[in-house]
Amino acid sequence: LAMMECKKALTESNGDVEVAIDNLRKSGQAKAAKKAGNIAADGAITIVQDGNKVILLEVNCQTDFVAKDDNFANFSNQVATAALAANETDAAKIVDLKLQDGSTVEEARIALVQKIGENIQVRRATILEGENLAVYKHGLRIGVAVSFAGDAATGKGVAMHIAAFNPVAVTAEQVPADLIAKEKEIAEAKALESGKPANIVEKMVTGSVEKYLNEVVLERQMYVMDNEKKVADALKAAGTTIVQFVRFEVGEGIEKKAEMSFAEEVAAAQAAAQ
């Protein structure tokens, strides 16, 4: 805490240290509540592994500057460790977990908001289990975990591939039906505009859907480690099977506000400080 804040709290409590501490904690909660309305679309993905279990955790903040801060990283690692130990992936329940120092995740979050001055939120988590696990982080923003059977180097290579190419499923059969239906709908609309006969339209739609599957299915993608092979071919050559994978990217699905001008940023910072 800033020295002036401590001095002010002591003055307001007539020198009563305990009351001053309580007031500072209340002030911290108030500041955290005030920051809660700010969109936190930046942040970092944290990966913690313990034996045959690994957790991917996304914690959001407002700027990449804070995402790189050691205090933010330490908080994220502590939360991920606690969530993995409790086998908890529900963000609404993770906030109630206890950290090593005895504080709850929510108490630590509020303290961090007060210290850093940005909205910070535990957004989501997932736990992947498997006999063989490979993990890969690309900077702070992308994290991947892969459960596989076979060659460890290939498992790691595929984790890197998934980070780069963002497939939605291992095989075509595993692609969610709603994604295929949406792609088919778009393809039909485009094909009908061509004015071609129904049988040609049908072939055009089928071709478009196949092209989409080639782009989003892991096994059909060209392997990042050898762009002359598809992932399926690389897996077969290495005697490796991908059981399951998870990929998190910071801010997926979060609607960001339009960027403010510098003058607007200054005005917003002054308003937040009041």
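The values are calculated or read from the model by the stated rules, or taken from the named source; none is laboratory data. Note that the coordinates shown come from a computational prediction; the quantities given were computed from them, not determined experimentally. Note that each Cβ is placed from the backbone with ideal geometry, even for glycine, and that neighbours are counted across all protein chains shown. Surface accessibility is based on the protein's heavy atoms, side chains included, excluding ligands, DNA and RNA. Shrake-Rupley method; radii C 1.70, N 1.55, O 1.52, S 1.80 Å.
Here are a few things to note about the model shown:
- Under Karplus coefficients 6.51, -1.76 and 1.60, residue-wise ³J(HN,Hα) of the range 56-64 in Hz, glycine/proline x: 10, 10, 10, 10, 9, 9, 9, 9, 5
- The aspartates and glutamates whose alpha-carbon is closer than 14 Å to the alpha-carbon of Lys98, local same-chain residues fewer than 8 away aside, are Glu88, Glu106, Glu107.
- Label zone at Asp101 (point 7 Å along Cα-to-Cβ), backbone N below 18 Å, the range 52-73: 69-73
- Accessible area of the range 151-258 belonging to carbon and sulfur atoms, whole % at 1.4 Å probe: 52 percent
- Virtual spin-label span in nm between Lys93 and Lys53, 7 Å along Cα→Cβ: 1.2 nm
- Calculated FRET value between Ala164 and Lys203, using beta carbons and R₀ = 35 Å, to 0.05: 0.65
- Debye-sum result for the range 68-208 in log10 I(q)/I(0), which assumes one identical scatterer on each alpha carbon, at q = 0.09, 0.13, 0.14, 0.22 Å⁻¹: -0.49, -0.80, -0.85, -1.28
- Charged-residue dipole, Cβ positions (Lys, Arg, Asp, Glu), the range 87-181 about Cα centre, Debye nearest 20: 380 debye
- By average C-beta atoms within 10 angstrom, highest first, the peptides 224-235, 186-197, 125-136: 125-136, 224-235, 186-197
- Remark: the range 80-146 carries 48 Å² of accessible area per residue (probe radius 1.4 Å; ligands, DNA and RNA excluded).
- Rounded to the nearest Hz, the phi-derived 3J(HN,Hα) couplings of the range 185-192 under the Karplus curve 6.51 cos²θ - 1.76 cosθ + 1.60 (θ = phi - 60°) are 4, 5, 5, 5, 4, 5, 5, 5, where x marks glycine and proline.
- Heavy-atom accessible area order for Glu12, Glu249, Glu210, largest first, 1.4 Å probe: Glu12, Glu210, Glu249
- You can think of it this way: the chain between Ala181 and Ala153 has 6.5 nm of extra reach, that is 0.36 nm per residue less the Cα-Cα gap.
- Across all directions, the average flat footprint of the convex hull enclosing the Cα atoms of the range 163-255 is 8.1 nm².
- Rounded to 5, percent antiparallel among DSSP beta bridges of the range 77-220: 90 percent
- For the range 240-254, 3J(HN,Hα) computed residue by residue from phi via the Karplus equation (6.51, -1.76, 1.60; θ = phi - 60°) reads 10, 10, 8, 7, 6, 8, 9, 10, 10, 10, 4, x, 4, x, 8 Hz, glycine and proline entered as x.
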